[in-house]
Amino acid sequence: MITSRANPRYRDLRDRISQGGARRSHTLLLGAKLIEAWAAAPHASRLEPELWLRLEGAAPHPLEAGLGLPALVLGETLMRDLADAGSPPDQALLARLRPDPEGPLPDRVIVPWGIQDPGNLGAILRSAAAFGFGEALLGPGCADPFAPRALRGSMGAAFLMPLRRVPRLEPDGAAWLALDGGEGALPLAEAPLEGPLRLLVGNEGHGFRGADLPPGLIRVAIPTRGVESLNAAVAAGIACHETARRRGFRP
(Lines give C-alpha, C1' and ligand atoms only; values in the text may rest on other atoms or scores of the structure.)
Protein backbone atom coordinates (compact mmCIF):
# COMPACT_ATOMS: atom_id res chain seq x y z
CA MET A 1 0.00 0.00 0.00
CA ILE A 2 1.21 3.48 -0.90
CA THR A 3 0.50 6.35 1.48
CA SER A 4 3.21 8.90 0.67
CA ARG A 5 3.08 11.50 -2.11
CA ALA A 6 6.85 11.12 -2.38
CA ASN A 7 6.61 7.47 -3.37
CA PRO A 8 8.22 7.06 -6.85
CA ARG A 9 5.36 4.91 -8.19
CA TYR A 10 2.77 7.46 -7.10
CA ARG A 11 4.77 10.33 -8.60
CA ASP A 12 5.07 8.41 -11.87
CA LEU A 13 1.30 7.87 -11.83
CA ARG A 14 0.70 11.60 -11.37
CA ASP A 15 3.10 12.41 -14.21
CA ARG A 16 1.27 10.10 -16.62
CA ILE A 17 -2.05 11.87 -16.18
CA SER A 18 -0.71 15.43 -15.93
CA GLN A 19 -0.88 16.33 -19.64
CA GLY A 20 -4.19 17.40 -21.13
CA GLY A 21 -5.81 17.95 -24.50
CA ALA A 22 -3.97 16.69 -27.56
CA ARG A 23 -0.88 15.98 -25.40
CA ARG A 24 -2.74 13.57 -23.14
CA SER A 25 -1.25 10.06 -23.12
CA HIS A 26 -3.06 8.55 -20.11
CA THR A 27 -6.25 9.04 -18.15
CA LEU A 28 -7.98 7.69 -15.05
CA LEU A 29 -11.37 6.02 -14.87
CA LEU A 30 -12.64 6.96 -11.44
CA GLY A 31 -15.10 4.68 -9.70
CA ALA A 32 -16.53 1.23 -10.39
CA LYS A 33 -19.55 2.51 -12.35
CA LEU A 34 -17.38 4.36 -14.86
CA ILE A 35 -14.99 1.41 -15.21
CA GLU A 36 -17.96 -0.90 -15.85
CA ALA A 37 -19.40 1.58 -18.39
CA TRP A 38 -16.05 1.63 -20.19
CA ALA A 39 -15.79 -2.18 -20.23
CA ALA A 40 -19.26 -2.47 -21.82
CA ALA A 41 -18.93 0.47 -24.25
CA PRO A 42 -18.73 0.01 -28.04
CA HIS A 43 -15.44 1.92 -28.27
CA ALA A 44 -13.73 0.76 -25.09
CA SER A 45 -10.65 -0.14 -27.15
CA ARG A 46 -9.73 3.55 -27.41
CA LEU A 47 -8.21 3.07 -23.95
CA GLU A 48 -5.62 0.43 -23.14
CA PRO A 49 -5.77 -0.43 -19.40
CA GLU A 50 -2.41 -0.46 -17.64
CA LEU A 51 -2.86 -0.34 -13.86
CA TRP A 52 -5.67 -0.99 -11.37
CA LEU A 53 -5.88 1.30 -8.33
CA ARG A 54 -7.77 0.35 -5.18
CA LEU A 55 -8.54 2.39 -2.09
CA GLU A 56 -7.18 0.97 1.16
CA GLY A 57 -9.79 -1.25 2.77
CA ALA A 58 -11.89 -1.63 -0.40
CA ALA A 59 -12.79 -5.07 -1.65
CA PRO A 60 -11.36 -6.06 -5.06
CA HIS A 61 -13.68 -5.50 -8.01
CA PRO A 62 -14.32 -8.52 -10.31
CA LEU A 63 -12.87 -6.64 -13.29
CA GLU A 64 -9.55 -6.23 -11.47
CA ALA A 65 -8.85 -9.94 -11.81
CA GLY A 66 -10.58 -10.18 -15.17
CA LEU A 67 -8.27 -7.63 -16.78
CA GLY A 68 -5.16 -9.30 -15.37
CA LEU A 69 -3.49 -5.99 -14.51
CA PRO A 70 -0.94 -5.09 -11.85
CA ALA A 71 -2.63 -3.32 -8.94
CA LEU A 72 -1.72 -0.65 -6.40
CA VAL A 73 -3.49 -0.01 -3.12
CA LEU A 74 -3.56 3.70 -2.25
CA GLY A 75 -4.19 5.46 1.01
CA GLU A 76 -7.29 7.64 1.25
CA THR A 77 -5.41 10.92 0.89
CA LEU A 78 -3.65 9.82 -2.29
CA MET A 79 -6.80 8.44 -3.89
CA ARG A 80 -8.63 11.66 -3.05
CA ASP A 81 -5.80 13.65 -4.63
CA LEU A 82 -6.00 11.63 -7.84
CA ALA A 83 -9.79 11.94 -8.03
CA ASP A 84 -9.71 15.68 -7.25
CA ALA A 85 -12.97 15.18 -5.38
CA GLY A 86 -14.20 15.27 -1.82
CA SER A 87 -14.86 11.55 -1.62
CA PRO A 88 -12.22 9.15 -2.95
CA PRO A 89 -13.48 6.31 -5.19
CA ASP A 90 -12.97 2.71 -4.09
CA GLN A 91 -11.58 1.76 -7.51
CA ALA A 92 -9.77 3.52 -10.35
CA LEU A 93 -8.16 2.40 -13.59
CA LEU A 94 -5.14 3.95 -15.28
CA ALA A 95 -5.34 3.61 -19.06
CA ARG A 96 -3.25 4.69 -22.02
CA LEU A 97 -5.06 6.65 -24.71
CA ARG A 98 -4.64 5.15 -28.18
CA PRO A 99 -4.27 7.48 -31.24
CA ASP A 100 -7.22 9.21 -32.88
CA PRO A 101 -9.03 7.19 -35.54
CA GLU A 102 -8.21 7.80 -39.20
CA GLY A 103 -9.89 7.19 -42.54
CA PRO A 104 -13.22 8.22 -44.08
CA LEU A 105 -15.95 9.66 -41.91
CA PRO A 106 -19.30 7.89 -41.47
CA ASP A 107 -22.64 9.14 -42.72
CA ARG A 108 -23.53 11.26 -39.66
CA VAL A 109 -20.91 13.18 -37.68
CA ILE A 110 -21.34 15.57 -34.74
CA VAL A 111 -18.84 18.44 -34.66
CA PRO A 112 -18.47 20.24 -31.29
CA TRP A 113 -16.50 23.42 -32.04
CA GLY A 114 -15.03 25.29 -29.11
CA ILE A 115 -17.29 23.63 -26.52
CA GLN A 116 -15.40 24.49 -23.35
CA ASP A 117 -17.58 22.99 -20.64
CA PRO A 118 -16.84 19.26 -20.11
CA GLY A 119 -20.45 18.67 -19.03
CA ASN A 120 -21.80 20.22 -22.21
CA LEU A 121 -19.37 18.23 -24.34
CA GLY A 122 -20.30 14.99 -22.62
CA ALA A 123 -24.02 15.68 -23.07
CA ILE A 124 -23.51 16.46 -26.78
CA LEU A 125 -21.63 13.20 -27.31
CA ARG A 126 -24.26 11.17 -25.46
CA SER A 127 -27.10 12.69 -27.51
CA ALA A 128 -25.25 12.13 -30.79
CA ALA A 129 -24.52 8.49 -29.93
CA ALA A 130 -28.11 7.92 -28.76
CA PHE A 131 -29.53 9.11 -32.08
CA GLY A 132 -27.25 7.28 -34.48
CA PHE A 133 -24.32 9.62 -35.16
CA GLY A 134 -21.24 7.57 -35.99
CA GLU A 135 -18.31 9.82 -35.01
CA ALA A 136 -17.36 13.14 -33.44
CA LEU A 137 -14.86 15.71 -34.70
CA LEU A 138 -13.60 17.94 -31.88
CA GLY A 139 -12.52 21.37 -33.03
CA PRO A 140 -10.02 23.76 -31.42
CA GLY A 141 -10.93 24.97 -27.96
CA CYS A 142 -13.01 21.94 -27.02
CA ALA A 143 -12.76 20.56 -23.51
CA ASP A 144 -10.67 17.42 -23.09
CA PRO A 145 -13.20 14.54 -23.20
CA PHE A 146 -10.62 12.14 -21.73
CA ALA A 147 -9.78 14.24 -18.66
CA PRO A 148 -10.57 12.15 -15.56
CA ARG A 149 -13.20 14.58 -14.25
CA ALA A 150 -14.79 14.93 -17.69
CA LEU A 151 -15.02 11.15 -18.06
CA ARG A 152 -16.57 10.81 -14.64
CA GLY A 153 -19.03 13.67 -15.17
CA SER A 154 -20.23 12.39 -18.55
CA MET A 155 -20.23 8.72 -17.45
CA GLY A 156 -18.07 7.61 -20.34
CA ALA A 157 -19.61 9.55 -23.23
CA ALA A 158 -16.16 9.50 -24.86
CA PHE A 159 -16.47 5.70 -25.27
CA LEU A 160 -19.78 5.78 -27.15
CA MET A 161 -18.36 6.71 -30.55
CA PRO A 162 -14.98 7.37 -32.21
CA LEU A 163 -13.55 10.82 -31.44
CA ARG A 164 -10.88 12.68 -33.35
CA ARG A 165 -9.44 16.16 -32.95
CA VAL A 166 -9.21 18.36 -36.05
CA PRO A 167 -7.58 21.80 -36.44
CA ARG A 168 -9.83 22.75 -39.38
CA LEU A 169 -12.85 21.51 -41.30
CA GLU A 170 -12.41 20.06 -44.76
CA PRO A 171 -15.36 19.80 -47.21
CA ASP A 172 -16.01 16.15 -48.06
CA GLY A 173 -19.22 16.09 -50.08
CA ALA A 174 -21.52 15.88 -47.05
CA ALA A 175 -23.93 18.62 -45.99
CA TRP A 176 -22.36 20.88 -43.34
CA LEU A 177 -24.91 22.40 -40.95
CA ALA A 178 -24.21 24.72 -38.02
CA LEU A 179 -26.66 25.30 -35.17
CA ASP A 180 -26.98 29.08 -35.16
CA GLY A 181 -29.98 31.14 -34.12
CA GLY A 182 -28.81 34.24 -35.98
CA GLU A 183 -30.74 36.21 -38.55
CA GLY A 184 -31.28 34.35 -41.82
CA ALA A 185 -30.73 30.89 -40.35
CA LEU A 186 -32.86 28.10 -41.79
CA PRO A 187 -35.43 26.63 -39.36
CA LEU A 188 -34.51 23.12 -38.29
CA ALA A 189 -37.74 21.73 -39.74
CA GLU A 190 -36.59 22.84 -43.21
CA ALA A 191 -32.94 21.77 -42.92
CA PRO A 192 -31.55 19.00 -45.19
CA LEU A 193 -30.93 16.22 -42.67
CA GLU A 194 -31.53 13.12 -44.76
CA GLY A 195 -28.15 12.66 -46.50
CA PRO A 196 -24.53 12.53 -45.28
CA LEU A 197 -24.33 15.17 -42.57
CA ARG A 198 -21.80 17.07 -40.46
CA LEU A 199 -23.60 18.89 -37.63
CA LEU A 200 -21.64 21.70 -35.95
CA VAL A 201 -22.31 22.93 -32.41
CA GLY A 202 -20.56 26.18 -31.54
CA ASN A 203 -19.01 27.70 -28.44
CA GLU A 204 -21.38 28.36 -25.54
CA GLY A 205 -20.73 32.12 -25.53
CA HIS A 206 -19.74 33.32 -29.00
CA GLY A 207 -20.86 30.53 -31.32
CA PHE A 208 -18.68 30.30 -34.42
CA ARG A 209 -17.14 33.77 -34.27
CA GLY A 210 -13.62 33.58 -35.70
CA ALA A 211 -14.00 29.98 -36.89
CA ASP A 212 -12.91 29.03 -40.42
CA LEU A 213 -16.06 27.24 -41.58
CA PRO A 214 -16.43 25.22 -44.80
CA PRO A 215 -17.88 26.93 -47.88
CA GLY A 216 -21.55 26.20 -48.46
CA LEU A 217 -22.24 25.70 -44.77
CA ILE A 218 -25.94 26.02 -43.85
CA ARG A 219 -26.82 27.86 -40.65
CA VAL A 220 -29.77 26.25 -38.87
CA ALA A 221 -31.97 27.67 -36.10
CA ILE A 222 -34.22 25.96 -33.56
CA PRO A 223 -37.24 28.28 -33.15
CA THR A 224 -37.96 29.20 -29.52
CA ARG A 225 -40.48 31.30 -27.64
CA GLY A 226 -39.66 33.63 -24.76
CA VAL A 227 -35.92 32.85 -24.60
CA GLU A 228 -33.10 34.17 -26.73
CA SER A 229 -31.14 30.93 -27.10
CA LEU A 230 -30.76 27.34 -25.93
CA ASN A 231 -27.90 25.69 -24.12
CA ALA A 232 -25.47 24.19 -26.65
CA ALA A 233 -26.02 20.63 -25.42
CA VAL A 234 -29.82 21.00 -25.44
CA ALA A 235 -29.76 22.39 -28.99
CA ALA A 236 -27.51 19.53 -30.14
CA GLY A 237 -29.82 16.96 -28.57
CA ILE A 238 -32.87 18.40 -30.35
CA ALA A 239 -31.07 18.51 -33.71
CA CYS A 240 -29.73 14.95 -33.32
CA HIS A 241 -33.20 13.67 -32.47
CA GLU A 242 -34.76 15.46 -35.44
CA THR A 243 -32.11 13.96 -37.72
CA ALA A 244 -32.90 10.48 -36.42
CA ARG A 245 -36.67 11.05 -36.67
CA ARG A 246 -36.38 12.04 -40.33
CA ARG A 247 -34.60 8.77 -40.98
CA GLY A 248 -37.23 6.61 -39.33
CA PHE A 249 -35.43 6.20 -36.00
CA ARG A 250 -36.45 3.19 -33.93
CA PRO A 251 -34.86 2.62 -30.50
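Fully extending the segment from residue 229 to residue 250, taken as 0.36 nm per residue of separation minus the present Cα-Cα distance, adds 4.7 nm. Projecting each Cα onto the charge dipole of segment 1-61 (Lys/Arg +1, Asp/Glu -1 at the beta carbon, about the Cα centre), which of 53, 31, 21 comes out farthest on the positive side? Going by the Cα projections, it comes out as 21.
Rounded to the nearest 20 debye, the dipole magnitude of segment 154-251 is 340 debye, with +1 charges on Lys and Arg beta carbons, -1 on Asp and Glu beta carbons, and the Cα centre as origin. Converting the Cα gyration tensor eigenvalues of segment 38-185 into ellipsoid dimensions via √(5λ) gives semi-axes, longest first, of 34, 17, 12 Å.
Pairs of Cα atoms nearer than 8 Å and 6+ residues apart set the relative contact order; for segment 28-100 it is 49 percent. Highest GNM mean-square fluctuation among 224, 77, 27, for the chain modelled with Cα contacts below 10 Å: 224. Where does the Debye-calculated log10 I(q)/I(0) of segment 93-159 sit at q = 0.22 Å⁻¹, using only Cα point scatterers of equal weight, no solvent? So the normalised log intensities are -1.00.
With the simple model of a label 7 Å out from the Cα in the direction of the Cβ, residue 50 to residue 71 spans 2.0 nm. Highest mobility in the GNM of the chain, judged by mean-square fluctuation with C-alpha springs under 10 Å and restricted to 156, 20, 57, is found for 57.
Working from Cα pairs under 8 Å separated by at least six residues, relative contact order for segment 134-251 is 27 percent. Placing unit charges on the Cβ atoms of the charged side chains and taking the dipole of the chain about its Cα centre, the candidate lying farthest along the positive direction among 43, 113, 215 is 43. The calculated FRET efficiency for the pair residue 164 and residue 58, based on their C-beta separation and a Förster distance of 41 Å, comes to about 0.70.
Solvent-accessible area per residue in the chain equals 48 Å², computed with a 1.4 angstrom probe and all protein chains kept. I need to check one value: relative contact order of the chain, counting alpha carbon pairs closer than 8 Å and at least 6 residues apart, in percent. Reported relative contact order: 20 percent. The alpha-carbon atoms of segment 1-115, seen along their principal axes, cover 49, 28, 24 angstrom, with the largest extent given first.
Surface composition of the chain: carbon and sulfur make up 50 percent of the accessible area, probe 1.4 Å.
The magnitude of the dipole of segment 197-251, with charges of +1 and -1 set on the Cβ of Lys/Arg and Asp/Glu and taken from the Cα centre, is near 340 debye. For segment 113-209, trypsin sites (Lys or Arg not before Pro) meeting the loop criterion (DSSP other than H, G, I, E, B) and having at most 11 other Cβ atoms within 10 Å: 168, 209. Over the chain, the Kirkwood radius and the radius of gyration, each from Cα atoms, give a ratio Rg/Rh of 1.03. A viscosity of 1.567 mPa s and a temperature of 4 °C, combined with the Kirkwood radius over Cα pairs in Stokes-Einstein, give a translational diffusion coefficient for segment 104-240 of 87 µm²/s. If you run the Gaussian network model on the chain, springs between alpha carbon atoms under 10 Å, then out of 35, 238, 115 the most flexible one is 238. Scanning the chain for GluC sites (Glu not before Pro) in DSSP loops with at most 14 neighbouring Cβ atoms within 10 Å leaves 1-101 as the longest stretch between them.
Computed from point charges on the beta carbon alone (+1 for Lys and Arg, -1 for Asp and Glu), the dipole magnitude for segment 68-225 about its Cα centre is near 140 Debye. Rg and Dmax over the alpha-carbon atoms of segment 158-232 stand at 13.3, 38 Å.
The values are calculated or read from the model by the stated rules, or taken from the named source; none is laboratory data. From a predicted model like this one, the values you see are computed outputs, not experimental measurements. Positions of Cβ are generated from backbone atoms using ideal geometry, with glycine treated the same way; all protein chains shown enter the neighbour counts. Each accessible area value is taken on the protein alone, full model and side chains, heavy atoms only, with ligands, DNA and RNA left out. Shrake-Rupley method; radii C 1.70, N 1.55, O 1.52, S 1.80 Å.
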